[in-house]
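Structure, as structure tokens:
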Amino acid sequence: MNVRVQEADFDLGVELTAVRAGDPRVGALASFVGLVRDMNDGAGVSEMTLEHYPGMTEKALEAIVAEAKGRWDIYNALVIHRVGPLKPCDQIVLVAVTSAHRGEAFAACEFIMDYLKTRAPFWKREATADGARWVDARDADDSAALRWNVPA
């Protein structure tokens with residue numbers, strides 16, 4: 001299990017190859033990549049800045065990966081979350097999960113991503129034509145997370 005919070009971009013092919021490397025048990029690899037959009041809530045976004053508390057953030061991400069491992073029969077998981085200033089089309093986050101079968105990999109990947117969107121200690125600020133604004137979690141993200149019964 002690997003969790004990284006970093007400013008640098010990541011190479012999707014390299015990371016997906018590494019998360020399953022050398023494990024002949026792996027029959028499924030599910031992944032999700034989040035990207036910066038150029039529009040949010042009807043406003044153009046020229047930049048998004050992600051902030052976090054070093055140390056605390058990594059511990060929170062490690063805890064949710066451990067929770068996923070306890071819920072599903074997965075072999076490996078990788079979470080890379082970028083911080084700092086990002087432009088539209090930049091990669092923000094990668095969640096990748098390996099298992100013997102797709103069901104466990106898909107469920108664990110979705111669970112981890114739902115947690116990241118609603119409960120991980122990141123703060124997002126968008127630059128728009130009307131100025132900078134902080135971004136709150138969406139109601140749809142909160143609803144998605146509720147199905148996993150994860151305490152807030």
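The values are calculated or read from the model by the stated rules, or taken from the named source; none is laboratory data. Just so it is clear, the structure is predicted and the values come from calculations on it, not from any experiment. Using ideal geometry, Cβ is built from the backbone for each residue, glycine included, and neighbour counts are taken over all protein chains shown. For accessibility, only protein heavy atoms count, side chains too; no ligands or nucleic acids. Shrake-Rupley method; radii C 1.70, N 1.55, O 1.52, S 1.80 Å.
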- Item | residue 8 vs. criteria open to solvent by less than 10 Å² (accessible area, probe 1.4 Å) and modelled with pLDDT of 95 or more | no
- Positions within the stretch 24-47 being open to solvent by 20 Å² or more (accessible area, probe 1.4 Å), of a type outside the set (Lys, Arg), closer than 22 Å to residue 114 by Cβ and touching a residue at least 40 places away in the same chain (Cβ under 8 Å), in sequence order: 29, 31, 32, 33, 35
- Per the list (1) part of a strand (DSSP E or B); (2) aliphatic (A, V, I, L, M); (3) open to solvent by 80 Å² or more (accessible area, probe 1.4 Å), residue check on residue 50 breaks on (3)
- Got at least one residue in the stretch 29-45 being small (Gly, Ala, Ser), assigned to a helix (DSSP H, G or I) and within 15 Å of the chain's Cα centre (by Cα)? no
- Selection within the stretch 11-22 - open to solvent by 40 Å² or more (accessible area, probe 1.4 Å) and among the charged types (D, E, K, R): 11, 20
- Of the residues in the stretch 111-127, those that are without any contact (Cβ under 8 Å) to a residue 60 or more places away in the chain and among the charged types (D, E, K, R) number 3
- Task: Of the conditions (1) over 21 Å from residue 9 (Cα atoms); (2) over 15 Å from the mean Cα position of the chain (by Cα), residue 88 clears all except one; give me its number.
- Result: (1)
- Keeping to the stretch 83-94, report how many residues are touching a residue at least 60 places away in the same chain (Cβ under 8 Å), out of contact with any His (no Cβ under 9 Å at 6 or more places or on another chain) and open to solvent by less than 20 Å² (accessible area, probe 1.4 Å). 1
- Does at least one position in the stretch 58-67 carry a residue that is loosely packed, with under 12 Cβ neighbours inside 10 Å and either over 18 Å from residue 118 (Cβ atoms) or among the β-branched types (Val, Ile, Thr) (or both)? no
- Mind checking which residues of the stretch 95-118 are open to solvent by 30 Å² or more (accessible area, probe 1.4 Å) and under 25 Å from residue 135 (Cβ atoms)? 110, 115, 117, 118
- Pick out, from the stretch 56-152, the strands (runs of 3 or more DSSP E) lying fully within it that include 3 or more residues that are at pLDDT 95 or above. 74-82, 84-86, 91-99
